[in-house]
Amino acid sequence: MSAMARQSNAAGAVTNPIRVMVVDDSVVVRGMVGRWIDEDPNLAVVASHRNGRLAVEDVNRSNPDVVILDIEMPDMDGLTALPLLLEKKRDLVVVVASTLTRRNAEISLKALQLGAADYVPKPETNAGVTTSVDFRRELVEKVTSLGQRARSRSGRTGAAAAAPMPPVIGRPSPAAKPKAAFTIRSYSSIRPRILAIGSSTGGPQALNALFGEIGSAMGQVPVVITQHMPPTFTAILAEHLSKSAGRPAAEGKDGETIVAGRIYVAPGGKHMILAKQGNDTVIRLTDTAPVNFCKPAVDPLFKTVAEIYGNATLAVVLTGMGADGAQGVTQIGQAGGSVIAQDEETSVVWGMPGAAAHTGQCSDVLPLPEIGRKVSKILLGGRP
């Protein structure tokens with residue numbers, strides 16, 4: 001169903017769906033993704049192009065809210081087209097779709113630095129695209145959530161813009177002030193012996209900014225991170241974080257003893273948890289089912305951090321879709337640890353940090369620039 005047709009639907013139907021442009025050199029992918037988008041009543045395809053040049057030329061006319069952008073295309077690739085699209089439409093949301101090669105992972109992370117909102121790993125073959133339930137679910141969820149967030153920030157109205165953000169987060173209304181919507185508990189009086197971080201959509205950008213602030217202060221604690229990312233991407237993320245923090249960072253390895261001053265990133269496709277082995281704390285990688293539709297997931301990591309470190313835990317929940325991490329935040333808070341959640345205004349999506357805030361177990365809800373300063377102060381032994 002076209003966007004124009006939907007605007008004339010009967011009362012109660014979506015009258016202003018999120019407008020989506022699909023840019024991919026494969027006619028099969030464009031057709032399949034276009035059908036998925038048009039089957040969702042909150043979304044509508046307004047343009048479909050085979051390369052970046054055509055997308056750039058058409059973006060003002062078709063006026064999309066969200067662009068799904070392939071990386072490898074003839075004439076003009078996605079990375080070249082991205083800044084040109086954002087220059088023409090500053091509030092445009094771009095979701096990069098790329099296959100799981102190291103080169104494409106590098107390009108996708110570069111795209112995030114250039115202003116893309118998020119990425120979706122694409123199956124390597126057209127047949128994989130047509131049969132992948134996970135790819136379809138993740139793509140539609142991200143387009144919907146990011147499109148709604150962009151409309152909310154720009155003040156645009158419409159049924160789709162006003163709808164709550166999926167999956168199922170208790171999100172304050174635009175008129176509500178976040179600090180009035182949840183309870184804040186006191187920080188632990190114990191100096192942290194670990195820093196645990198969970199993030200998703202918008203997380204790579206937030207993590208790099210955070211580690212640029214706290215790198216010099218984290219010499220006395222290990223740092224463990226679960227960022228929702230596929231394999232290959234997490235290894236490259238760790239390399240980027242090492243540069244930002246000036247500290248060694250890598251994917252966690254099964255059986256590895258964690259030590260102060262190092263950053264351990266949960267590898268894509270595995271859950272990373274912690275366990276005691278004598279006097280040491282070691283990493284365990286598990287291949288169990290996804291948690292909160294995610295693998296790796298934040299909740300399993302936070303749960304084991306709470307069990308081992310208790311009130312000597314400092315955790316941070318950064319921008320991301322969904323509610324992953326909320327159960328772990330509750331366990332950390334009940335064990336006497338401290339949790340900081342990113343605020344709504346500076347989050348790309350206030351799903352995970354919003355869910356964490358609403359547990360009543362956070363000690364602060366702060367803008368991203370303030371989180372780094374607060375964490376550094378706490379890690380260096382200062383009073384919160």
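Every number in this text was worked out from the coordinates using simple rules, so none of it is lab data. Only a predicted model underlies this, so the values are computations on that prediction, with no experimental measurement involved. Ideal geometry is used to build each Cβ from the backbone, glycine not excepted, and the neighbour counts take in all protein chains shown.
Among 316-326, 232-242, 29-39, 182-192, sorting by the average number of other beta carbon atoms lying within 10 angstrom of each residue, highest first, gives 316-326, 232-242, 29-39, 182-192. Among the helices of the chain, those built from whole DSSP H runs whose Cα atoms reach 30 Å or more along their own axis and whose mean Kyte-Doolittle hydropathy is at least -1.0 are 133-154.
Rounded to whole Å, give me the distance from the Cα center of the stretch 284-355 to that of the stretch 40-104. Here the answer is 32 Å between Cα centres. For LYS253, the aspartates and glutamates whose Cα falls under 18 Å of its own Cα, not counting residues fewer than eight places away in the same chain, are GLU239, ASP280, ASP287.
I need the peptides 132-138, 112-118, 100-106 ranked by packing, meaning the mean over residues of other C-beta atoms within 10 angstrom, with the highest value on top.
Result, highest mean Cβ count within 10 Å first: 112-118, 100-106, 132-138.
Under the convention that each Lys and Arg Cβ holds +1 and each Asp and Glu Cβ holds -1, the size of the dipole of the stretch 178-379 around its Cα centre is about 420 debye.
Cross-linked pairs LYS303/LYS374; LYS122/LYS243; LYS89/LYS374; LYS88/LYS295; LYS110/LYS295; LYS243/LYS270: Cα-Cα separations exceed 29 Å for LYS89/LYS374; LYS88/LYS295. For the pair ARG383 and SER26, label points projected 7 Å from Cα toward Cβ lie 5.9 nm apart.
With a cut-off of 13 Å between beta carbons, the residues surrounding ILE236 carry a summed charge of +1, where Lys and Arg count +1 and Asp and Glu -1.
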